[in-house]
Amino acid sequence: MTRFILIFLLCVAILFPLDLIEPVERHFIVPFTGLLADISVWLIQLFDADATATGNIIRSASNGFAISIERGCNGLEAVIILVSAIIAFPAPWRYRVLGIGLGFLAIQALNLVRIISLFYLGQWSRLWFEWFHLYLWQALIVLDALVVFLVWLRYMPRRPRAASIPTPA
């Protein structure tokens with residue numbers, strides 16, 4: 001357990017600052033966040049042709065309300081926590097890579113629900129938008145990372161136990 005905690009903390013200590021480096025921001029974070037906005041608008045437009053995306057901003061054409069997907073709203077912090085936990089756990093690398101890939105998709109799928117719900121909540125009530133944005137969704141995204149990690153642990157193959165030697169009667 002100590003080994004897991006130390007490796008987890010080391011990964012977090014490396015990945016979170018890496019997330020703040022300007023070239024990473026420019027070449028990965030900003031384009032990824034813009035892609036989230038585009039995917040969100042594509043999903044919204046399946047039911048409501050009123051939304052547009054420009055960079056990381058999603059805007060309603062009918063009432064002008066807009067949300068901006070900023071750092072901390074793109075789900076990457078929860079992904080960093082998940083990646084750190086999976087790397088720290090002793091498992092074959094192919095299962096780690098599978099867990100990271102599927103976990104990334106699971107976190108981002110929930111994050112798309114978060115973005116779209118906040119887009120509509122903000123048009124309905126600024127008070128509810130703030131509460132859901134600052135409290136509920138933040139906790140749910142991190143909880144999603146924990147649930148993905150626990151599911152990954154559950155479905156990871158077990159090591160075979162050594163055969164027990166029968167004792168004479």
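Every number here is computed from the coordinates shown, using simple stated rules; none is lab data. Predicted model only: the values in this text are computed from it and were never measured. So basically every Cβ, Gly included, is an ideal-geometry build from the backbone, and we count neighbours across all protein chains shown.
The Rg/Rh ratio of the chain, with both radii computed over alpha carbons and Rh defined as the Kirkwood radius, is 1.12. Over the chain, dividing the summed -39,500 (n - 2.57) contributions of all DSSP H runs of at least 4 residues by the number of residues returns a 222 nm mean residue ellipticity of -20500 deg cm²/dmol.
For Phe28 and Glu70, what is the calculated FRET efficiency with R₀ set at 22 Å and r taken between the beta-carbons, to the nearest 0.05? So, using R0 = 22 Å, E works out to roughly 0.90. Helix screen, the chain: DSSP H segments with Cα axial length of 20 Å or more and mean Kyte-Doolittle hydropathy at least -1.0 are 2-18, 30-45, 93-124, 137-155. Taking 13 Å as the cut-off, the amide N atoms of region 65-85 that come nearer than this to a point 7 Å along the Cα-to-beta-carbon line of Thr52 belong to 65-66.
For the listed peptides 140-149, 85-94, a ranking on the average number of other beta carbons within 10 Å per residue, highest first, reads 140-149, 85-94.
On the beta carbon distance between Leu102 and Trp128, with R0 = 41 Å, the FRET formula returns roughly 0.80.
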